[in-house]
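Below is one structure; the comments refer to it alone.
The values are calculated or read from the model by the stated rules, or taken from the named source; none is laboratory data. Quantities reported herein were computed from a predicted structural model and do not represent experimental measurements. All Cβ positions, glycine included, derive from the backbone under ideal geometry; neighbour counts span all protein chains shown. Please note that ligands, DNA and RNA were not included when accessible areas were found on the heavy atoms of the full protein model with its side chains. Shrake-Rupley method; radii C 1.70, N 1.55, O 1.52, S 1.80 Å.
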Amino acid sequence: MTKKIKITATAENLVQAKALLDLGIDSLYIGESDYGLRLPHAFTWDEIRELTELAHDAGAQVTVAVNAIMHPEKMATIKSYLDFLQEIKVDQIAVGDTGVIFVLNRDKYQLPYIYDASTMVTSSRQVNFWGQQGAIGAVLSRELPKEELIKMASNLNIFGEILVYGATIIHQSKRPLLENYYNFIKTDEEKSKERNLFLSEPKDEATHYSIYEDSHGTHIFASDDVDMMSELATFSDLNYTHWKLDGIYTPGDTFVKIAECFVQARKLLEESELTPIQAFALDEEIRRLHPTGRTLGHGFYDLDPDDIQ
């Protein structure tokens, strides 16, 4: 097999980033608090510079999240951040706001970008449109079932990135929903990701929709985290060779060990040696390592497209 599979992984600190690079991760996914959404950690500008140098020294790349919804106050300051990212020579940014893309093109920034509009990216026509506007790739919606991914595969002119491990966002609201609720019940509680808050369906207590609030609003995640180890061979056959590992709810060395499972699977795939038994064994290891209290699944992947509303 001659396909080159590229793995992007989030990083929560310098130590974890070094460990991921030592494994052979191709790109670190990092960012800061004002312009990046749903990151395991918000780095300072100086830390982003240091991590970029670290990745480049290891022969790897850096993808910086610039995927926030840019309200006027953020657009007023975005150029200074883009100037900084270009100065330190980050390899690409992830961006979904059309205002930022306009600035990138208007001012001829040398910043390759991956189009990331979260749940909105559901068709090859849409992906290819943004490719025509300069995108080098697109983050595919996490709500795409297998049948739709198969249809898209042969029509993409730029790469489609697939989440193969981690929590998947299903809703973001600019409104401070948790704060409003706490005000209503007259209490003052922590609203951050570290609180590990979740919602459950009234008629299904097994559901576990993680929720937290930050300066960008309220973020709600699917009940199951994604684990696509058993489908990696299919992704490779379809030429989906850009994989994303998201450690927002999988901290520390646990995330590194899970990333190692995907690096092993990639090596076997590239050598045409990944068997279903090997994939099953790696999948079992991921399930053993995955944080207690968080469930794993395939998300929308196994659903009939007609059943998705």
Subject >> chymotrypsin sites (Phe, Trp or Tyr not before Pro) restricted to DSSP loop in the stretch 67-119 with at most 13 other C-beta within 10 Å >> reply: none
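Which trypsin sites (Lys or Arg not before Pro) from the stretch 129-191 combine a DSSP loop assignment with at most 16 other Cβ atoms within 10 Å? List each step's numbers first, then the result.
Values: sites: Arg142, Lys146, Lys151, Lys174, Lys186, Lys191; in loops: Arg142, Lys174, Lys186, Lys191.
In loop regions of the stretch 129-191 (DSSP not H, G, I, E or B), the sparsely surrounded trypsin sites (Lys or Arg not before Pro) are Lys174, Lys186.
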Original post:
Roughly how many Å² is the accessible area per residue of the chain, as a whole number, for a 1.4 Å probe?
Top reply: 48 Å²
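Want the number for Gln86 to Gln110: 0.36 nm per residue separation, take away the alpha-carbon distance, what's left?
Details: separation 24, 0.36 × 24 = 8.64 nm, distance 0.66 nm.
Here the segment from Gln86 to Gln110 would lengthen by 8.0 nm.
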Original post:
Where Lys and Arg each count +1 and Asp and Glu each count -1, what net charge lies around Gln92 among other residues with Cβ under 12 Å from its Cβ?
Top reply: -2
**OP:** Give me the distance between the Cα centres of the stretch 48-85 and the stretch 190-241, rounded to whole Å.
**Re:** 25 Å
Original post:
If you put +1 on each Lys and Arg Cβ and -1 on each Asp and Glu Cβ, how big is the dipole of the stretch 128-283 around its Cα centre, in Debye rounded to 20?
Top reply: 440 debye
Subject >> Overall Cα dimensions of the stretch 149-289 - principal axes, largest extent first, Å >> reply: 59, 36, 30
**OP:** Pop out the carbon and sulfur fraction of the accessible area of the chain as a percent, whole number, probe 1.4 Å.
**Re:** 51 percent
Original post:
Just the C-alpha atoms of the stretch 228-309: what Rg/Rh do they give, with Rh taken as the Kirkwood radius?
Top reply: 0.98
Original post:
If you wrap the stretch 173-230's Cα atoms in a convex hull and average its projection over all directions, what's the area in nm²?
Top reply: 5.4 nm²
Subject >> Against the rule of thumb 2.2 N^0.38 Å, how large the Cα Rg of the stretch 49-194 comes out >> reply: 1.22
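Cα-Cα over 30 Å: which of Lys151/Lys267; Lys89/Lys146; Lys79/Lys174; Lys74/Lys146?
Over 30 Å apart, Cα to Cα: Lys89/Lys146; Lys74/Lys146.
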**OP:** Filter the GluC sites (Glu not before Pro) in the stretch 270-309 down to the DSSP loop ones having no more than 13 other Cβ atoms within 10 Å, then list what survives.
**Re:** Glu271, Glu273
**OP:** Let me have the 222 nm mean residue ellipticity of the chain computed from DSSP H runs of 4+ only, each contributing -39500 (n - 2.57), with the sum over all residues rounded to the nearest 500.
**Re:** -10500 deg cm²/dmol
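Return the FRET efficiency for the residue pair Ser33, Thr207: r is the Cβ-Cβ distance, R0 is 22 Å, and the value is rounded to the nearest 0.05. It would help to have the intermediate numbers written out before the result.
On the way: r = 29 Å, r/R0 = 1.32.
E(calc), rounded to 0.05, equals 0.15.
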**OP:** Please work out how much length the chain gains when fully extended from Ile69 to Arg288, using 0.36 nm per residue of separation minus the C-alpha to C-alpha distance, in nm with one decimal.
**Re:** 75.2 nm
Subject >> Contact order relative to length of the chain, as percent, for alpha carbon pairs under 8 angstrom and 6 or more apart >> reply: 19 percent
Original post:
Rg to Rh ratio, the stretch 8-88, alpha-carbon atoms and Kirkwood radius?
Top reply: 0.98
**OP:** Principal axes first, then extents: for the Cα atoms of the chain, list largest minus smallest coordinate on each axis, whole Å, largest first.
**Re:** 55, 53, 41
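Under 12 Å from the Cβ of Glu273, count the other residues' Cβ atoms, weight Lys and Arg +1, Asp and Glu -1, and hand me the total.
Neighbourhood net charge equals 0.
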